[in-house]
Amino acid sequence: MSGIARILATALTVLTLGSAAAMADDDKIMVFGGDTYASGTTTVLNQDSPRNAFVAGATARLDGSVGRDALLAGARVRSNASVNGDLYAAGFSVKIDGTVAGDLSAAGADIEIGPRAAVSGNARLAAGSVEINAPIAGSLLVGSGDLTLNAAVSGDVRIMGDEIAFGPDAAIGGTLTYYAPDEVAIPESVIAADKVTYRKLTPKPASEEAPEPEVVSDTTVVASFISMLVFMLALATVFLLLAPQRTEAARARLITRPFASLGYGFVALSTLFGAVPLALMTLIAIPLIPFIILATVALWTLAYLLAVYALSWWLVTSIRPLKPSLVNRLLAIAGGLVLMSLLHYLPFFGWIANIIVVLLGFGAMAALCGQGMLARRARRKADVVETPPPHPPAAAAADPTDPPDEPPRA
């Protein structure tokens, strides 16, 4: 399922950044470069899209035909129109009732391909429950807990699931390879027995000495991400309201001098990391190690948030100029945080991208602090007034009414 994860991560990256400009305005639909962007709490795109269509929202519904590819994301996703290219969909509940001329890639808790749909290419599906009631002209790749296939698939089929069932309209034109805990009785009307390959799906036995790994549910992962997003947006709100000038100065510094910020960030982060072994060598500074670690974590978080804000605001305003209101900037930050979270799924490169973002933020903060220190030193020098040396007392003027005594004459 790693292929589906990469495809959806790429699609949702473009969707998040492209829809940010539409979310920032009162109108929920924006056409830019021939592509159509729609977003909101309940989003219905009922106009035709000559090129690509991007739809995002708690409820994301596509009712207008799409000339090329369509990308849908939300809690409740519905596609009721024809897509002349590929369709990418991700959500808690995904239902496809329109035709897809290209490939279909979908992920969610529940996926249903309705009887009015048709897929002319390949289908790649990952969900807890999958129900297929429409024909697929290409191959079918499914990873699910429960699968019900009640339509014809012209190509090869590969399934990994716990429960696999076939309806009366199911038919497979190619080969079938399925992974399941137990072998499934497959009717001859679906596929000939010599074209079926069964591989037993068994959990890997855990070592007796090794502790049993904790299973983290999808709900826990989503709740953790939402909590992180809310915390980061609240922290961004505090700095944008209480320190707007310093925040904007750091953002401008990062955008105008990114390579210098990257270098300063490397030096600043190396200094923080090197403070721990240095404290250990001095012995007397060992009690300060917890405070150094706490400061490193806090500054890491602030640097990450600053860099995400600077980069996402630059990208969104490059697509469409926006007023620098608090709501617009928070929406840009939210889009940037979602993008950076998706980058975690890219092996190696995702980690490198996040480190670069942190270094950029550290560098901008370090440069701003350095400029502030130099400015304060210059002010102190200007305030110092040189005290003139004391002058000797002036000689007393002679009083003409009281002439000095003359010496006695001989």
Qualifying residues in region 72-86 (those that are farther than 17 Å from residue 46 by Cβ and in a strand (DSSP E or B)) - the one least open to solvent (accessible area, probe 1.4 Å): 73
Can you give me the number of residues within region 123-145 that are open to solvent by less than 40 Å² (accessible area, probe 1.4 Å), of a type in the set (S, T, N, Q) and under 15 Å from residue 180 (Cα atoms)? 1
Yes or no: residue 186 over 30 Å from residue 35 (Cβ atoms) and either open to solvent by less than 10 Å² (accessible area, probe 1.4 Å) or not in a loop (DSSP other than H, G, I, E, B) (or both)? no
If you check residue 357 against the conditions, is it assigned to a helix (DSSP H, G or I), open to solvent by less than 60 Å² (accessible area, probe 1.4 Å), out of contact with any Phe, Trp or Tyr (no Cβ under 9 Å at 6 or more places or on another chain) and among the aliphatic types (A, V, I, L, M)? no
Flag if residue 270 is surrounded by fewer than 11 Cβ atoms within 10 Å (Cβ to Cβ), farther than 20 Å from residue 246 by Cβ and of a type outside the set (Val, Ile, Thr): no
Checking the conditions here, which among 139, 105 is among the polar types (S, T, N, Q), farther than 20 Å from residue 43 by Cα and either touching a helix residue (DSSP H, G or I) at 6+ places or on another chain (Cβ under 8 Å) or in contact (Cβ under 8 Å) with a residue 60 or more places away in the chain (or both)? 105
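Can you tell which of 94, 83 is farther than 20 Å from residue 31 by Cα, out of contact with any Lys or Arg (no Cβ under 7 Å at 6 or more places or on another chain), at pLDDT 90 or above and not small (Gly, Ala, Ser)? Outline the logic, then answer.
Values: 83 fails: farther than 20 Å from residue 31 by Cα.
On inspection, the qualifying residue turns out to be 94.
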Since residue 288 meets every condition but one in (1) open to solvent by 70 Å² or more (accessible area, probe 1.4 Å); (2) out of contact with any helix residue (DSSP H, G or I) (no Cβ under 7 Å at 6 or more places or on another chain), which condition does it not meet? (2)
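Results for (1) hydroxyl-bearing (Ser, Thr, Tyr); (2) exposed (fewer than 15 other Cβ atoms within 10 Å of the Cβ), shown as yes or no for each residue.
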site	(1), (2)
292	no, no
300	no, no
309	yes, no
328	no, no
336	no, no
345	yes, yes
364	no, no
372	no, yes
When residue 352 is evaluated against the numbered criteria (1) more than 20 Å from residue 250 (Cα to Cα); (2) open to solvent by less than 40 Å² (accessible area, probe 1.4 Å); (3) modelled with pLDDT of 85 or more, which criterion, by number, is the only one it fails? (2)
Sort through 148, 197, 175, 202 and tell me the only one that's open to solvent by 50 Å² or more (accessible area, probe 1.4 Å), closer than 24 Å to residue 72 by Cα and among the hydroxyl-bearing types (Ser, Thr, Tyr). 148
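The values are calculated or read from the model by the stated rules, or taken from the named source; none is laboratory data. Values in this document were obtained by computation on a predicted structure and should not be read as measured data. Virtual Cβ from ideal backbone geometry, glycine too; neighbours counted across all protein chains shown. Accessible surface is based on the protein model in full, side chains and every heavy atom, while ligands, DNA and RNA are left aside. Shrake-Rupley method; radii C 1.70, N 1.55, O 1.52, S 1.80 Å.
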